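Engineer: What follows is a structure written as structure tokens; I'll ask about it next.
The values are calculated or read from the model by the stated rules, or taken from the named source; none is laboratory data. Since we're looking at a predicted model, the values are computed, not measured. Quick reminder, even Gly has a Cβ in these numbers, built from the backbone with ideal geometry, and neighbours come from all protein chains shown.
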Amino acid sequence: MTMTPTPPAIAKTPKRIEQLGRVRTDEYAWMKDENWQQVLHDPAVLRADIRAHLEAENAYTAAVLADTEALQQQIIGEIKGRMKQDDSSVPTPDGPWEYYVRYEPGAQYPVHARRPRGEPDGEQVLVDADALAQGHQYYALAAARHSPDHRLFAYAEDTQGSEVYRVRVKDLATGALLPDAVENCTGNFAWSADGSWLFWTFRDENGRPSRIYRRPVPGGPDGDVLVYAEPDAGFFLRIARTASRAWLVIACGDQQTSEAWLIPAADPTVPPRLVEQRQTGVRYDIEHWDSRFVIRTDADGAVDFKLVSAPETTPGRAHWQDWIAHEPGRLIVDTAAYAGHFARLERVDANNRIVVTSRAGDEHVIGVDEEAYVLRLGGGLEYDTATLRYTYESPATPRQWFDFDMHTHAATLRKTQEVPSGHDPAQYLTRRLHARAADGAEIPVTVLMRRDTPADGSAPLLLYGYGSYGMAMEPSFSIRNLSLVDRGWIWATAHVRGGSEKGWGWFLDGRGANKPNSFTDFIAVAEHLADQGLGSRGGIVAMGGSAGGLLVGAALNMRPDLWAGIVAAVPFVDVLNTMSDTSLPLTPPEWPEWGNPIEDAAAYDAIAAYSPYDNVAPLPYPAVLATAGLSDPRVTYWEPAKWVARLREATTSGNPVLLRTNMGAGHGGAAGRFDALKDTGLHYAFALWAYAHRARSKP
């Protein structure tokens, strides 16, 4: 006889919190290790009672889901079968070389390499990330980039999952690493024009990017020179280089205000020059093209952005001239500059298009006539070229890489994502639906299903959403989602307010005081899909991660009857406490998104009204799986841990509430391409289990 697993006993230590005249109690506040900043650097120092609790929760989750172990491995095996083991990127040319990444069969991490331009042989390995990862429980490599003269190669590495990076520089002539790595940085860096200086971003004691330094190459910390110090703790900070390579740009800002400073890449020791002083509510970013600056901005009421130009000598707002006018509902997402052409990526109603403009002013549009798809600018290393690289994919169509000749308008297919186990797009149906919110807003919904899956309400539905920070959930191809769709599930993505699928106004309608629109949109989509026979009320598994975890957590409290299960990956569910804690890395930077409950009573009340942790009540909750990362600096491990404790105490249904904490990773989970599949296997097996459990537990 199988014993029913017993959840771990959880201590309750009521903590009285007084704030802006409001009083509340947090009985699980003890789960936050007051030395959490040290834990990010060394998880071994976690307080013993907290570690014991998290390990007990992991054991309970494993026991409850023990019968799904074989299913988890089967799903992982399926996804591996869809992955090309020796995959490689399309080489990107730059001068005498072309650069690419590739995987060895069985390798978790890629090899970064180059070879002589146009030659199939002569490979030079720049860095083997799989070799560097040996001996580390977690390893992530980011921002790998060669110097302009091709002599040096720099890369940022994180060995904890805490997003505290170290930048190493390699001499490509000798193969030796230069001494004195850049420590305690964000991983963001840029080269001067001659490669003699490396500009890098310092991460302060609160985990925030706060200063830009330059370091001579070779050289150590004694040679670091402070270039820029950001006075606002709420601003993000980074440095980049324009496509022309003529300028270094220090970009600082939050979600509603920005500022940029310029440094000539060929004269890197001169002080940075301000483009336009920050003005609350005005954002801009800057590119260099055709001996002028092109600036993407929301100034003058251009909510969905416009493009303006300005002279190199006087780039300030007083000299801005409108170039591409603002059109409401057409969001200018991104730009790319080339010597003879300028490209922009636009989004309308959750689909993208690319517009290429020549120096003479002629425009050409790259678009696709489908219900739901993704076009993206593919990036490049060269400025003086007529070739633009872009990618195309849809939920049913694997990614394709194209080289587009901006003179002839001919597109050459360079690569199609290979699915070794086989994939026939014709067997799948991609649909774009629209659900109506209570206030009349039309919410886009992307649906993927097999053509033979019935649309009579009998199929299980997984509903995914995010809805924050203006991030669009684009209708992309996923070899992972097929493991549910091929089992007869319908996969739907709700493009709720808070994202930018329908323009920046779509984001503003789901931010701050408007945040509840995200949650009610998600619920409206669930009900609409059920009404269309694409799922059923009570037969839907909701999934979201990070701020998407907030989305599904709020929808869980509001309508527990809709869901067969909830998958909340590193969920941002303790919003009121987190936005009241200024020691956390993202709290001041995110006040524009959520509001400042420390100083603003209206913001406090608004957050308190929807924060999932603060609104748990005696309700018949479905089965819930929450995950956490011990070294996560974005959504700290105690948020999901506290939420699970409250849910488990409150639920009246008897359905299990589970927590799984990755004790050796951060916000993104495991970094290796195969290790990362363990989370997917767990999530999908839980979804299948929760749906079946819901069916078995019906009266």
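Engineer: Out of 138, 100, report the one residue that is among the aromatic types (Phe, Trp, Tyr) and not in a strand (DSSP E or B).
Structural biologist: Values: 100 fails: not in a strand (DSSP E or B).
Result of the check over 138, 100: 138.
Engineer: Just for the stretch 75-97: of the residues that are part of a loop (DSSP other than H, G, I, E, B) and out of contact with any strand residue (DSSP E or B) (no Cβ under 8 Å at 6 or more places or on another chain), which one is farthest from residue 670 (Cα to Cα)?
Structural biologist: Of the stretch 75-97, the ones part of a loop (DSSP other than H, G, I, E, B) are 82-87, 89-91, 95-96.
After this cut, where a residue has to be out of contact with any strand residue (DSSP E or B) (no Cβ under 8 Å at 6 or more places or on another chain) as well, the list is 82-85, 95.
Details: 82: 19, 83: 17, 84: 19, 85: 18, 95: 35 Å.
In this case the residue turns out to be 95.
Engineer: Moving to a separate point now. Restricting attention to the stretch 454-474, which residues are surrounded by fewer than 20 Cβ atoms within 10 Å (Cβ to Cβ) and hydroxyl-bearing (Ser, Thr, Tyr)?
Structural biologist: 458, 469
Engineer: Within the stretch 475-530, track down each residue that is buried (at least 23 other Cβ atoms within 10 Å of the Cβ), farther than 21 Å from residue 374 by Cβ and among the hydrophobic types (A, V, I, L, M, F, W, C).
Structural biologist: 489, 519, 522, 526, 529
Engineer: State all residues of the stretch 105-118 that are exposed (fewer than 15 other Cβ atoms within 10 Å of the Cβ) and in a loop (DSSP other than H, G, I, E, B); if no residue qualifies, say none.
Structural biologist: Our first condition is that a residue be exposed (fewer than 15 other Cβ atoms within 10 Å of the Cβ); within the stretch 105-118, this holds for 105-106, 116-118.
Correct list: 105, 106, 117, 118.
Engineer: Just give me the residues in the stretch 403-417 being among the aliphatic types (A, V, I, L, M) and not in a loop (DSSP other than H, G, I, E, B), in sequence order.
Structural biologist: At the first step, the residues of the stretch 403-417 found to be among the aliphatic types (A, V, I, L, M) are 406, 410-411, 413.
Within the stretch 403-417, 411, 413 meet the criteria.
Engineer: When you scan the stretch 542-557, do you find a residue that is surrounded by fewer than 20 Cβ atoms within 10 Å (Cβ to Cβ) and touching a strand residue (DSSP E or B) at 6+ places or on another chain (Cβ under 9 Å), even just one?
Structural biologist: No, the conditions are met nowhere in the stretch 542-557.
Engineer: Tell me whether the stretch 281-293 contains one or more residues that are without any contact (Cβ under 8 Å) to a residue 12 or more places away in the chain and not in a loop (DSSP other than H, G, I, E, B).
Structural biologist: Within the stretch 281-293 (the criterion being without any contact (Cβ under 8 Å) to a residue 12 or more places away in the chain and not in a loop (DSSP other than H, G, I, E, B)), the answer is no, since none of the residues qualifies.
Engineer: In the stretch 346-376, which residues are more than 13 Å from residue 501 (Cα to Cα) and aliphatic (A, V, I, L, M)?
Structural biologist: Within the stretch 346-376, 354, 355, 356, 360, 365, 366, 368, 375 meet the criteria.
Engineer: Taking the options 156, 143, 173, name whichever one is small (Gly, Ala, Ser), over 22 Å from residue 244 (Cβ atoms) and in a strand (DSSP E or B). Spell out the reasoning first.
Structural biologist: Numbers: 143 fails: over 22 Å from residue 244 (Cβ atoms); 173 fails: in a strand (DSSP E or B).
Within the list 156, 143, 173, the selection yields 156.
Engineer: Mind counting the residues in the stretch 418-477 that are of a type in the set (S, T, N, Q) and part of a strand (DSSP E or B)? Even if it seems obvious, please write down each step before you answer.
Structural biologist: Initial filter on the stretch 418-477 (of a type in the set (S, T, N, Q)): 421, 427, 430, 446, 453, 458, 468, 476.
Narrowing the set further to residues that are part of a strand (DSSP E or B) leaves 430, 446.
Looking only at that region, the number is 2.
Engineer: Same structure, new question: Residue 315 passes all but one of (1) touching a residue at least 40 places away in the same chain (Cβ under 8 Å); (2) part of a strand (DSSP E or B); (3) in the same structural domain as residue 148 (by TED's automatic domain parsing); (4) not aromatic (Phe, Trp, Tyr); which number fails?
Structural biologist: (2)
Engineer: Which one of these is part of a strand (DSSP E or B) and closer than 25 Å to residue 102 by Cα: 187, 161? Let's see the steps before the verdict.
Structural biologist: Numbers: 161 fails: part of a strand (DSSP E or B).
Result of the check over 187, 161: 187.
Engineer: Need pairs with beta-carbon distance below 6 Å; first residue farther than 16 Å from residue 89 by Cβ and within the stretch 100-121, second of a type in the set (Phe, Trp, Tyr); sequence gap 6+ or separate chains.
Structural biologist: Note: pairs meeting the criteria are 108/674.
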